[in-house]
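Peer 1: I am attaching a structure below and will ask some questions about it afterwards.
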Amino acid sequence: MGVFEILIAWFALSLTGALAPGPLTAAVVMQSSKHGRLHGILPMVGHAIVELGIIAAIILSVQALTLTPLIIDLLVGFGGIVIILFGFLALRDYRYSAVIQKEEASKVTASSVIEATAHGAAVSIFSPYFLIWWFGVGLANVTMLVGTLQIGVGTVFLAGVLIYVTHVSTDFIYGAVLTLGTDAASRKAKIGDINWVSVIIGIVQIGLGVWFVILAAPGLFSALG
């Protein structure tokens with residue numbers, strides 16, 4: 001296959017990670033519902049920064065890293081706890097005020113931008129979905145792509161840039177569609193002063209986090225025993 005065909009295949013494969021439901025989706029919905037469209041896309045910026053480090057590490061031959069079952073259980077269990085905490089943060093913003101919402105959406109501050117970006121980075125680092133996808137799918141494929149693309153474009157650096165840009169484009173396309181839809185939905189998803197978008201996101205995240213903790217518990221108890 002040529003360079004173009006390889007990147008199209010990688011784009012399609014990357015969509016399997018971008019479209020997977022998980023805490024990053026919840027972060028986008030939460031930020032968009034709370035602050036508006038601009039902040040809705042910022043978690044994807046944090047996510048992209050984390051993935052830049054991962055792809056760079058793979059290209060620098062850290063692909064030999066392997067995860068033992070115990071480490072996987074630790075990551076899943078700890079990630080579940082982090083997701084539960086983010087769920088409670090979403091529930092904290094259960095009250096809706098159209099006036100406050102409008103003011104917050106129009107006022108962009110450095111702290112709000114950093115908070116939304118860090119939110120995306122944090123849920124990426126601690127999300128079992130994210131880690132499993134990269135170690136189960138991304139690692140082997142990026143290693144293969146670097147070797148294949150290097151022949152076509154001449155340098156490992158350029159191959160890495162093409163791989164990264166193609167991959168994160170799926171995240172930003174998905175994030176843009178999600179945040180636009182959430183911004184519209186959040187204007188309607190209220191009964192009285194309750195923001196049901198935040199309530200649903202909070203409940204889903206807490207349920208997802210509890211599920212991850214339950215999945216990890218047998219392996220951790222076995223290791224301790």
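The values are calculated or read from the model by the stated rules, or taken from the named source; none is laboratory data. Remember, predicted model here, so these are calculated numbers, not experimental data. For neighbour counting, all protein chains shown are included, and Cβ atoms are generated from backbone atoms with ideal geometry for every residue, glycine included.
Peer 1: For region 1-70, give me every one of the helices (runs of 4 or more DSSP H) that falls completely inside it and has 2 or more residues that are within 22 Å of GLY160 (Cβ to Cβ), of a type in the set (Val, Ile, Thr) and modelled with pLDDT of 80 or more.
Peer 2: 37-57
Peer 1: Suppose the filter is among the acidic types (Asp, Glu) and at pLDDT below 80; does ASP171 pass it?
Peer 2: no
Peer 1: Residue check: is ALA116 at pLDDT below 75, surrounded by 14 or more Cβ atoms within 10 Å (Cβ to Cβ), aliphatic (A, V, I, L, M) and part of a helix (DSSP H, G or I)?
Peer 2: For ALA116, the condition - at pLDDT below 75, surrounded by 14 or more Cβ atoms within 10 Å (Cβ to Cβ), aliphatic (A, V, I, L, M) and part of a helix (DSSP H, G or I) - is not met.
Peer 1: Yes or no: VAL156 of a type in the set (A, V, I, L, M), under 25 Å from ILE54 (Cα atoms) and at pLDDT below 80?
Peer 2: Yes, satisfied.
Peer 1: Run down VAL142, VAL146 and say which single residue is surrounded by fewer than 21 Cβ atoms within 10 Å (Cβ to Cβ), on the phi < 0 side of the Ramachandran plot and at pLDDT below 85. Before the answer, list the steps.
Peer 2: Working: VAL142 fails: surrounded by fewer than 21 Cβ atoms within 10 Å (Cβ to Cβ).
Among VAL142, VAL146, only VAL146 is surrounded by fewer than 21 Cβ atoms within 10 Å (Cβ to Cβ), on the phi < 0 side of the Ramachandran plot and at pLDDT below 85.
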